[in-house]
1. What residue, of V83, V10, is buried (at least 23 other Cβ atoms within 10 Å of the Cβ) and without any contact (Cβ under 8 Å) to a residue 60 or more places away in the chain?
2. Which fully enclosed helices (runs of 4 or more DSSP H) of the range 73-183 have 1 or more residues being in contact with a helix residue (DSSP H, G or I) (Cβ under 9 Å, 6 or more places away or on another chain) and away from the ligand (no atom under 13 Å from the Cβ)?
3. Give me a count of the residues in the range 86-117 that are without any contact (Cβ under 8 Å) to a residue 12 or more places away in the chain and touching a Phe, Trp or Tyr at 6+ places or on another chain (Cβ under 7 Å).
4. Can you find a residue in the range 367-377 that is among the β-branched types (V, I, T) and in contact with a strand residue (DSSP E or B) (Cβ under 7 Å, 6 or more places away or on another chain)?
5. When the range 178-219 is examined, which residues are found to be modelled with pLDDT under 95 and either polar (S, T, N, Q) or within 19 Å of the chain's Cα centre (by Cα) (or both)?
6. Does the range 430-440 hold any residues that are within 23 Å of the chain's Cα centre (by Cα) and in a helix (DSSP H, G or I), and which are they?
7. Can you report the number of residues in the range 27-72 which are within 16 Å of the ligand (Cβ to nearest atom) and of a type in the set (K, R)?
8. Give the residues of the range 235-259 that are surrounded by 24 or more Cβ atoms within 10 Å (Cβ to Cβ) and charged (D, E, K, R), sorted by residue number.
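The values are calculated or read from the model by the stated rules, or taken from the named source; none is laboratory data. Being a predicted model, the structure only gives us computed values, none of them experimental. So basically every Cβ, Gly included, is an ideal-geometry build from the backbone, and we count neighbours across all protein chains shown.
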Amino acid sequence: MREFNFDGLVGPTHNYGGLAPGNVASTINEGQVSNPREAALQGLAKMRFVHGLGIGQGVLPPHPRPSLRALRTLGFSGSDEHVLARASREAFHLVRLASSAAAMWTANAATVAPAADTQDHKLHVTPANLQAMFHRAIEADTTTKVLRAIFADTSRFVVHDALPGGGQFADEGAANHTRLSVSGRPAVHVFAWGRRAWGDFVGPKKYPARQTLEASQAVARLHQLDPERTLFVQQTAEGIDAGAFHTDVLAVGTGCFMMLHERAFNDLRGVIVRLRELLGDRFCYELATEDELPSKDAVAAYPFNSQLIEKDDGTIEILAPKDSEETPRAKDFLERVVAGRNPVTAVRYLDVRQSMHNGGGPACLRLRVPLEPEETTAISARVFYSESLAAELDAWVHKHYRDRLTPNDLSDPLLARESMTALDELTRILRLGSVYDFQT
Ligand code: SUG
(Lines give C-alpha, C1' and ligand atoms only; values in the text may rest on other atoms or scores of the structure.)
Protein backbone atom coordinates (compact mmCIF):
# COMPACT_ATOMS: atom_id res chain seq x y z
CA MET A 1 0.00 0.00 0.00
CA ARG A 2 1.27 3.45 -0.91
CA GLU A 3 -0.07 6.75 0.32
CA PHE A 4 -0.99 9.37 -2.25
CA ASN A 5 -1.46 12.99 -1.29
CA PHE A 6 -4.20 14.46 -3.44
CA ASP A 7 -3.59 18.20 -3.38
CA GLY A 8 -6.29 20.67 -4.28
CA LEU A 9 -5.42 22.93 -7.17
CA VAL A 10 -6.09 26.48 -6.06
CA GLY A 11 -8.97 28.00 -8.04
CA PRO A 12 -8.93 31.19 -10.14
CA THR A 13 -11.05 33.11 -7.59
CA HIS A 14 -8.73 32.55 -4.62
CA ASN A 15 -9.40 35.56 -2.38
CA TYR A 16 -9.47 36.72 1.20
CA GLY A 17 -13.15 36.88 2.12
CA GLY A 18 -12.89 36.77 5.92
CA LEU A 19 -15.47 34.03 5.75
CA ALA A 20 -14.41 31.65 8.50
CA PRO A 21 -14.98 32.82 12.09
CA GLY A 22 -12.63 30.95 14.41
CA ASN A 23 -9.97 30.75 11.70
CA VAL A 24 -7.69 33.57 12.81
CA ALA A 25 -5.83 34.04 9.51
CA SER A 26 -9.08 34.24 7.55
CA THR A 27 -10.33 36.99 9.85
CA ILE A 28 -7.08 38.98 9.96
CA ASN A 29 -6.58 38.96 6.20
CA GLU A 30 -10.11 39.82 5.15
CA GLY A 31 -10.15 42.13 2.16
CA GLN A 32 -6.44 41.81 1.32
CA VAL A 33 -5.48 41.67 -2.33
CA SER A 34 -4.90 38.04 -3.31
CA ASN A 35 -2.82 36.54 -6.09
CA PRO A 36 -4.58 33.44 -7.46
CA ARG A 37 -1.80 32.72 -9.94
CA GLU A 38 0.88 32.74 -7.28
CA ALA A 39 -1.34 30.65 -5.00
CA ALA A 40 -1.83 27.99 -7.67
CA LEU A 41 1.88 27.98 -8.52
CA GLN A 42 2.82 27.64 -4.84
CA GLY A 43 0.50 24.63 -4.71
CA LEU A 44 2.07 23.10 -7.80
CA ALA A 45 5.55 23.70 -6.39
CA LYS A 46 4.54 21.81 -3.25
CA MET A 47 3.29 18.89 -5.34
CA ARG A 48 6.54 18.85 -7.31
CA PHE A 49 8.54 18.89 -4.09
CA VAL A 50 6.63 16.03 -2.48
CA HIS A 51 6.72 13.98 -5.67
CA GLY A 52 10.48 14.61 -5.82
CA LEU A 53 10.81 12.97 -2.39
CA GLY A 54 9.38 9.79 -3.88
CA ILE A 55 5.94 10.18 -2.34
CA GLY A 56 2.69 9.45 -4.18
CA GLN A 57 1.12 12.65 -5.40
CA GLY A 58 -2.27 13.31 -6.97
CA VAL A 59 -4.33 16.34 -7.81
CA LEU A 60 -7.96 17.37 -7.29
CA PRO A 61 -9.54 20.15 -9.36
CA PRO A 62 -11.00 23.46 -8.09
CA HIS A 63 -14.75 24.07 -8.01
CA PRO A 64 -16.68 26.52 -10.20
CA ARG A 65 -16.63 29.91 -8.49
CA PRO A 66 -18.45 32.14 -8.12
CA SER A 67 -21.00 29.38 -7.75
CA LEU A 68 -23.85 30.74 -9.85
CA ARG A 69 -25.73 27.63 -8.91
CA ALA A 70 -25.53 28.56 -5.21
CA LEU A 71 -26.73 32.08 -5.99
CA ARG A 72 -29.60 30.65 -8.06
CA THR A 73 -30.64 28.44 -5.15
CA LEU A 74 -30.87 31.63 -3.11
CA GLY A 75 -33.34 33.16 -5.54
CA PHE A 76 -31.22 35.09 -8.03
CA SER A 77 -32.36 34.22 -11.53
CA GLY A 78 -31.84 34.99 -15.19
CA SER A 79 -28.64 34.83 -17.21
CA ASP A 80 -25.30 34.27 -15.48
CA GLU A 81 -24.56 37.98 -15.82
CA HIS A 82 -27.95 38.90 -14.32
CA VAL A 83 -27.51 36.57 -11.38
CA LEU A 84 -24.13 38.04 -10.54
CA ALA A 85 -25.15 41.66 -11.08
CA ARG A 86 -28.27 41.44 -8.93
CA ALA A 87 -26.57 39.47 -6.14
CA SER A 88 -23.70 42.00 -6.16
CA ARG A 89 -26.13 44.88 -5.88
CA GLU A 90 -28.47 43.43 -3.28
CA ALA A 91 -26.37 41.02 -1.23
CA PHE A 92 -22.68 41.32 -2.01
CA HIS A 93 -21.73 39.16 0.98
CA LEU A 94 -23.48 36.25 -0.76
CA VAL A 95 -21.27 36.79 -3.81
CA ARG A 96 -18.26 36.59 -1.52
CA LEU A 97 -19.52 33.36 0.01
CA ALA A 98 -20.22 31.90 -3.43
CA SER A 99 -16.76 32.88 -4.69
CA SER A 100 -14.46 31.24 -2.14
CA ALA A 101 -11.81 28.92 -3.56
CA ALA A 102 -11.91 26.97 -0.27
CA ALA A 103 -12.18 23.59 -2.05
CA MET A 104 -8.37 23.89 -2.38
CA TRP A 105 -8.07 22.58 1.21
CA THR A 106 -8.71 18.98 0.29
CA ALA A 107 -8.03 17.71 3.81
CA ASN A 108 -11.64 18.86 4.19
CA ALA A 109 -12.84 17.17 1.01
CA ALA A 110 -13.50 13.75 2.56
CA THR A 111 -12.47 11.09 5.04
CA VAL A 112 -10.79 7.99 3.64
CA ALA A 113 -10.33 4.42 4.90
CA PRO A 114 -8.06 2.12 2.92
CA ALA A 115 -9.26 -1.32 1.86
CA ALA A 116 -6.90 -2.94 4.37
CA ASP A 117 -8.91 -1.47 7.26
CA THR A 118 -12.49 -2.06 6.13
CA GLN A 119 -14.71 -5.06 6.61
CA ASP A 120 -15.60 -5.43 2.92
CA HIS A 121 -11.98 -4.79 1.83
CA LYS A 122 -12.94 -1.85 -0.34
CA LEU A 123 -11.55 1.65 -0.04
CA HIS A 124 -14.21 3.88 1.52
CA VAL A 125 -14.50 7.62 0.99
CA THR A 126 -17.07 9.90 2.61
CA PRO A 127 -17.16 13.42 1.17
CA ALA A 128 -17.42 16.01 3.95
CA ASN A 129 -20.69 17.93 4.14
CA LEU A 130 -18.88 20.96 5.64
CA GLN A 131 -22.18 22.01 7.22
CA ALA A 132 -20.57 24.49 9.59
CA MET A 133 -20.17 27.25 7.02
CA PHE A 134 -22.11 28.10 3.88
CA HIS A 135 -19.09 28.88 1.69
CA ARG A 136 -17.79 25.38 2.42
CA ALA A 137 -21.10 23.49 2.51
CA ILE A 138 -21.52 24.21 -1.21
CA GLU A 139 -18.44 22.07 -1.90
CA ALA A 140 -19.98 18.70 -1.10
CA ASP A 141 -21.87 18.15 -4.40
CA THR A 142 -18.94 18.84 -6.68
CA THR A 143 -16.53 16.98 -4.38
CA THR A 144 -18.76 13.91 -4.57
CA LYS A 145 -18.92 14.09 -8.37
CA VAL A 146 -15.15 14.52 -8.68
CA LEU A 147 -14.37 11.68 -6.26
CA ARG A 148 -16.84 9.40 -8.06
CA ALA A 149 -15.21 10.26 -11.38
CA ILE A 150 -11.78 9.32 -9.99
CA PHE A 151 -12.70 6.38 -7.76
CA ALA A 152 -15.11 5.08 -10.36
CA ASP A 153 -14.41 1.35 -10.07
CA THR A 154 -17.20 0.27 -7.75
CA SER A 155 -15.71 -3.19 -7.33
CA ARG A 156 -12.87 -1.55 -5.38
CA PHE A 157 -14.05 1.84 -4.19
CA VAL A 158 -17.10 3.08 -2.30
CA VAL A 159 -17.69 6.82 -2.48
CA HIS A 160 -20.55 7.43 -0.07
CA ASP A 161 -22.93 10.35 -0.15
CA ALA A 162 -21.91 13.15 2.20
CA LEU A 163 -23.65 12.79 5.58
CA PRO A 164 -27.18 14.19 5.49
CA GLY A 165 -27.82 17.79 6.40
CA GLY A 166 -28.50 19.22 9.79
CA GLY A 167 -25.81 20.69 11.99
CA GLN A 168 -25.97 17.55 14.13
CA PHE A 169 -23.92 15.71 11.52
CA ALA A 170 -21.47 18.47 10.64
CA ASP A 171 -18.44 16.76 9.13
CA GLU A 172 -15.17 18.45 8.15
CA GLY A 173 -13.45 15.43 6.63
CA ALA A 174 -9.91 14.22 7.12
CA ALA A 175 -8.77 17.38 8.90
CA ASN A 176 -10.19 15.78 12.02
CA HIS A 177 -9.03 12.24 11.32
CA THR A 178 -5.69 10.47 11.75
CA ARG A 179 -4.80 6.93 10.72
CA LEU A 180 -1.91 5.35 12.61
CA SER A 181 -0.30 1.98 11.95
CA VAL A 182 2.69 -0.17 12.80
CA SER A 183 3.67 -3.21 10.78
CA GLY A 184 2.14 -6.44 11.98
CA ARG A 185 -0.90 -4.82 13.58
CA PRO A 186 -4.15 -3.48 12.13
CA ALA A 187 -4.35 0.29 11.84
CA VAL A 188 -5.97 2.62 14.36
CA HIS A 189 -8.27 5.48 13.39
CA VAL A 190 -8.46 8.57 15.56
CA PHE A 191 -11.49 10.80 14.96
CA ALA A 192 -11.60 14.14 16.72
CA TRP A 193 -14.70 16.19 17.34
CA GLY A 194 -15.42 19.65 18.70
CA ARG A 195 -19.04 19.38 19.82
CA ARG A 196 -21.77 16.83 20.22
CA ALA A 197 -25.31 17.16 19.03
CA TRP A 198 -26.82 15.05 21.78
CA GLY A 199 -25.42 14.84 25.32
CA ASP A 200 -23.42 17.17 27.52
CA PHE A 201 -19.99 18.48 26.77
CA VAL A 202 -17.87 21.50 27.51
CA GLY A 203 -17.33 23.40 24.29
CA PRO A 204 -15.50 26.54 23.19
CA LYS A 205 -16.81 29.93 24.31
CA LYS A 206 -15.44 32.22 21.65
CA TYR A 207 -15.30 30.34 18.37
CA PRO A 208 -17.51 27.69 16.81
CA ALA A 209 -16.73 24.00 17.11
CA ARG A 210 -17.30 22.49 13.69
CA GLN A 211 -17.13 18.68 13.75
CA THR A 212 -19.69 16.71 15.75
CA LEU A 213 -19.06 13.43 17.52
CA GLU A 214 -22.15 12.03 15.82
CA ALA A 215 -20.73 12.80 12.37
CA SER A 216 -17.42 11.12 13.22
CA GLN A 217 -19.25 8.04 14.50
CA ALA A 218 -21.35 7.87 11.33
CA VAL A 219 -18.25 8.04 9.11
CA ALA A 220 -16.56 5.28 11.12
CA ARG A 221 -19.68 3.10 10.70
CA LEU A 222 -19.94 3.81 6.97
CA HIS A 223 -16.29 2.86 6.58
CA GLN A 224 -16.84 -0.42 8.42
CA LEU A 225 -13.91 0.18 10.75
CA ASP A 226 -13.15 -2.08 13.69
CA PRO A 227 -14.80 -0.34 16.68
CA GLU A 228 -12.04 -1.74 18.93
CA ARG A 229 -9.45 0.21 16.97
CA THR A 230 -11.38 3.43 16.49
CA LEU A 231 -10.99 6.31 18.95
CA PHE A 232 -13.25 9.33 19.27
CA VAL A 233 -11.48 12.14 21.07
CA GLN A 234 -12.59 15.65 21.85
CA GLN A 235 -10.67 18.69 20.66
CA THR A 236 -10.02 20.96 23.64
CA ALA A 237 -12.26 23.99 23.99
CA GLU A 238 -9.14 26.09 24.72
CA GLY A 239 -7.55 24.91 21.47
CA ILE A 240 -10.60 25.84 19.39
CA ASP A 241 -10.83 29.18 21.16
CA ALA A 242 -7.16 29.80 20.32
CA GLY A 243 -7.97 29.24 16.63
CA ALA A 244 -7.57 25.49 16.15
CA PHE A 245 -10.83 25.10 14.23
CA HIS A 246 -9.66 21.74 12.88
CA THR A 247 -7.60 19.08 14.65
CA ASP A 248 -4.83 19.39 12.08
CA VAL A 249 -3.99 22.84 13.43
CA LEU A 250 -2.65 21.22 16.63
CA ALA A 251 -1.90 17.59 15.77
CA VAL A 252 -0.56 15.46 12.95
CA GLY A 253 0.30 11.79 12.78
CA THR A 254 1.45 9.09 10.43
CA GLY A 255 2.57 5.48 10.82
CA CYS A 256 3.76 5.05 14.39
CA PHE A 257 4.35 8.73 15.07
CA MET A 258 2.32 11.71 16.27
CA MET A 259 3.32 15.30 16.82
CA LEU A 260 0.86 17.25 18.89
CA HIS A 261 0.17 20.17 21.16
CA GLU A 262 -1.14 19.67 24.68
CA ARG A 263 -4.27 21.62 23.70
CA ALA A 264 -5.08 19.27 20.83
CA PHE A 265 -7.20 16.74 22.71
CA ASN A 266 -8.99 16.37 26.03
CA ASP A 267 -7.68 13.57 28.22
CA LEU A 268 -4.42 13.56 26.32
CA ARG A 269 -2.78 11.05 28.66
CA GLY A 270 -5.69 8.65 28.23
CA VAL A 271 -5.44 8.95 24.45
CA ILE A 272 -1.71 8.22 24.48
CA VAL A 273 -2.14 5.22 26.80
CA ARG A 274 -4.83 3.78 24.52
CA LEU A 275 -2.67 4.31 21.42
CA ARG A 276 0.20 2.50 23.13
CA GLU A 277 -2.12 -0.41 23.98
CA LEU A 278 -3.33 -0.65 20.40
CA LEU A 279 -0.07 0.03 18.57
CA GLY A 280 2.50 -1.23 21.06
CA ASP A 281 5.82 0.29 22.10
CA ARG A 282 6.74 1.36 18.61
CA PHE A 283 4.15 4.13 18.85
CA CYS A 284 5.91 7.35 19.78
CA TYR A 285 4.94 11.00 19.97
CA GLU A 286 6.32 14.48 20.52
CA LEU A 287 4.23 16.80 22.63
CA ALA A 288 4.49 20.59 22.81
CA THR A 289 3.34 22.16 26.04
CA GLU A 290 1.79 25.61 26.20
CA ASP A 291 5.03 26.75 27.87
CA GLU A 292 7.21 25.48 25.08
CA LEU A 293 4.98 26.61 22.22
CA PRO A 294 2.03 28.86 23.07
CA SER A 295 -1.06 27.83 21.10
CA LYS A 296 -1.19 31.39 19.75
CA ASP A 297 2.17 30.77 17.99
CA ALA A 298 1.09 27.31 16.88
CA VAL A 299 -2.03 28.80 15.30
CA ALA A 300 -0.09 31.63 13.64
CA ALA A 301 2.75 29.50 12.28
CA TYR A 302 1.08 26.07 11.77
CA PRO A 303 3.98 23.72 12.70
CA PHE A 304 1.41 20.95 13.33
CA ASN A 305 -0.11 21.54 9.93
CA SER A 306 3.02 20.05 8.44
CA GLN A 307 2.95 17.06 6.17
CA LEU A 308 4.79 14.10 7.65
CA ILE A 309 6.60 12.45 4.78
CA GLU A 310 7.26 8.77 5.50
CA LYS A 311 10.14 7.38 3.51
CA ASP A 312 10.58 3.73 2.46
CA ASP A 313 13.23 3.24 5.15
CA GLY A 314 10.71 4.21 7.85
CA THR A 315 12.20 7.64 8.55
CA ILE A 316 10.00 10.73 8.47
CA GLU A 317 10.62 14.22 7.12
CA ILE A 318 8.50 17.16 8.25
CA LEU A 319 7.27 19.44 5.51
CA ALA A 320 6.43 22.63 7.40
CA PRO A 321 5.18 26.02 6.24
CA LYS A 322 7.84 28.72 5.93
CA ASP A 323 5.89 30.67 8.56
CA SER A 324 7.09 28.09 11.12
CA GLU A 325 10.71 28.78 10.21
CA GLU A 326 10.10 32.47 10.90
CA THR A 327 8.38 31.95 14.26
CA PRO A 328 11.16 31.17 16.78
CA ARG A 329 9.10 29.00 19.17
CA ALA A 330 7.64 26.95 16.32
CA LYS A 331 11.05 26.49 14.72
CA ASP A 332 12.65 25.53 18.06
CA PHE A 333 9.94 22.94 18.61
CA LEU A 334 10.37 21.40 15.16
CA GLU A 335 14.13 21.27 15.61
CA ARG A 336 13.69 19.59 18.97
CA VAL A 337 11.50 16.98 17.25
CA VAL A 338 14.18 16.34 14.62
CA ALA A 339 16.79 15.89 17.38
CA GLY A 340 14.51 13.63 19.46
CA ARG A 341 14.25 9.84 19.78
CA ASN A 342 11.69 9.28 17.04
CA PRO A 343 11.69 8.47 13.30
CA VAL A 344 11.90 12.15 12.26
CA THR A 345 15.18 13.01 10.53
CA ALA A 346 14.64 16.40 8.92
CA VAL A 347 12.39 19.42 8.61
CA ARG A 348 11.97 21.30 5.36
CA TYR A 349 10.13 24.57 4.93
CA LEU A 350 7.85 25.47 2.04
CA ASP A 351 6.22 28.74 1.00
CA VAL A 352 2.45 28.30 0.80
CA ARG A 353 1.72 31.79 2.05
CA GLN A 354 -1.20 32.55 -0.25
CA SER A 355 -3.00 29.61 1.34
CA MET A 356 -1.69 30.30 4.85
CA HIS A 357 -3.28 33.75 4.77
CA ASN A 358 -6.62 31.98 4.70
CA GLY A 359 -5.64 29.52 7.43
CA GLY A 360 -4.57 26.62 5.22
CA GLY A 361 -1.09 25.08 5.62
CA PRO A 362 0.62 22.20 3.81
CA ALA A 363 -1.50 19.53 5.51
CA CYS A 364 -4.77 21.33 4.72
CA LEU A 365 -3.92 21.30 1.05
CA ARG A 366 -3.86 17.54 0.72
CA LEU A 367 -6.15 14.52 1.10
CA ARG A 368 -4.31 11.34 2.01
CA VAL A 369 -5.41 8.27 0.08
CA PRO A 370 -3.57 5.00 0.75
CA LEU A 371 -3.81 2.84 -2.39
CA GLU A 372 -2.87 -0.72 -3.30
CA PRO A 373 -1.04 -1.03 -6.66
CA GLU A 374 -4.15 -2.61 -8.32
CA GLU A 375 -6.27 0.27 -7.04
CA THR A 376 -3.89 2.79 -8.56
CA THR A 377 -4.11 1.10 -11.95
CA ALA A 378 -7.91 0.97 -11.69
CA ILE A 379 -7.99 4.78 -11.77
CA SER A 380 -8.17 6.03 -15.34
CA ALA A 381 -8.47 9.77 -14.67
CA ARG A 382 -5.18 11.58 -15.20
CA VAL A 383 -4.84 12.75 -11.63
CA PHE A 384 -1.48 11.30 -10.65
CA TYR A 385 1.39 13.73 -10.68
CA SER A 386 3.90 13.45 -13.51
CA GLU A 387 6.29 16.01 -14.93
CA SER A 388 4.22 16.21 -18.11
CA LEU A 389 0.96 16.77 -16.18
CA ALA A 390 2.71 19.39 -14.03
CA ALA A 391 3.98 21.22 -17.11
CA GLU A 392 0.47 21.31 -18.56
CA LEU A 393 -1.02 22.54 -15.30
CA ASP A 394 1.66 25.18 -15.03
CA ALA A 395 0.86 26.46 -18.52
CA TRP A 396 -2.87 26.25 -17.76
CA VAL A 397 -2.44 28.43 -14.66
CA HIS A 398 -0.36 30.99 -16.55
CA LYS A 399 -2.97 31.11 -19.29
CA HIS A 400 -6.08 31.51 -17.15
CA TYR A 401 -5.23 32.99 -13.76
CA ARG A 402 -5.11 36.61 -12.68
CA ASP A 403 -2.28 37.79 -10.46
CA ARG A 404 -4.37 40.22 -8.47
CA LEU A 405 -7.86 39.99 -7.07
CA THR A 406 -9.69 42.40 -4.78
CA PRO A 407 -13.07 41.64 -3.18
CA ASN A 408 -14.81 43.91 -5.71
CA ASP A 409 -13.42 41.89 -8.62
CA LEU A 410 -15.68 39.02 -7.53
CA SER A 411 -18.62 40.86 -9.13
CA ASP A 412 -16.87 40.96 -12.49
CA PRO A 413 -18.81 38.70 -14.88
CA LEU A 414 -15.62 38.21 -16.87
CA LEU A 415 -13.99 36.55 -13.86
CA ALA A 416 -16.85 34.05 -13.65
CA ARG A 417 -16.52 33.36 -17.38
CA GLU A 418 -12.72 32.99 -17.15
CA SER A 419 -13.15 30.56 -14.30
CA MET A 420 -15.62 28.41 -16.24
CA THR A 421 -13.41 28.37 -19.35
CA ALA A 422 -10.40 27.37 -17.24
CA LEU A 423 -12.23 24.62 -15.39
CA ASP A 424 -13.79 23.23 -18.54
CA GLU A 425 -10.33 22.92 -20.05
CA LEU A 426 -9.00 21.38 -16.84
CA THR A 427 -11.50 18.52 -16.89
CA ARG A 428 -10.09 17.60 -20.29
CA ILE A 429 -6.49 17.77 -19.06
CA LEU A 430 -7.38 15.56 -16.08
CA ARG A 431 -9.71 13.31 -18.13
CA LEU A 432 -12.48 13.64 -15.59
CA GLY A 433 -15.50 13.92 -17.87
CA SER A 434 -18.25 16.36 -16.91
CA VAL A 435 -18.16 17.02 -13.17
CA TYR A 436 -19.26 20.65 -12.97
CA ASP A 437 -22.82 21.98 -12.89
CA PHE A 438 -22.14 24.34 -15.80
CA GLN A 439 -21.05 21.38 -17.95
CA THR A 440 -24.32 19.48 -17.71
O1 SUG B 1 -12.39 26.15 6.46
N2 SUG B 1 -10.46 28.82 5.26
C3 SUG B 1 -10.61 27.41 5.48
C4 SUG B 1 -9.26 26.82 5.83
C5 SUG B 1 -9.30 25.33 5.88
C6 SUG B 1 -8.05 24.75 6.41
N7 SUG B 1 -8.11 23.33 6.41
C8 SUG B 1 -7.64 22.53 7.36
N9 SUG B 1 -7.29 22.95 8.54
N10 SUG B 1 -7.60 21.27 7.11
C11 SUG B 1 -11.62 27.11 6.59
O12 SUG B 1 -11.61 27.84 7.58
C13 SUG B 1 -11.22 31.03 4.59
C14 SUG B 1 -11.88 31.58 3.37
C15 SUG B 1 -11.94 33.08 3.36
O16 SUG B 1 -11.98 33.68 4.42
O17 SUG B 1 -11.95 33.64 2.22
C18 SUG B 1 -11.48 29.54 4.77
O19 SUG B 1 -12.53 29.07 4.47
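1. V83
2. 80-90, 92-99, 140-150
3. Of the residues in that region, 1 qualify.
4. Checked against the condition, which is being among the β-branched types (V, I, T) and in contact with a strand residue (DSSP E or B) (Cβ under 7 Å, 6 or more places away or on another chain), the range 367-377 yields at least one hit.
5. Across the range 178-219, the qualifying residue is only S183.
6. D437
7. Total meeting the criteria: 2.
8. D248
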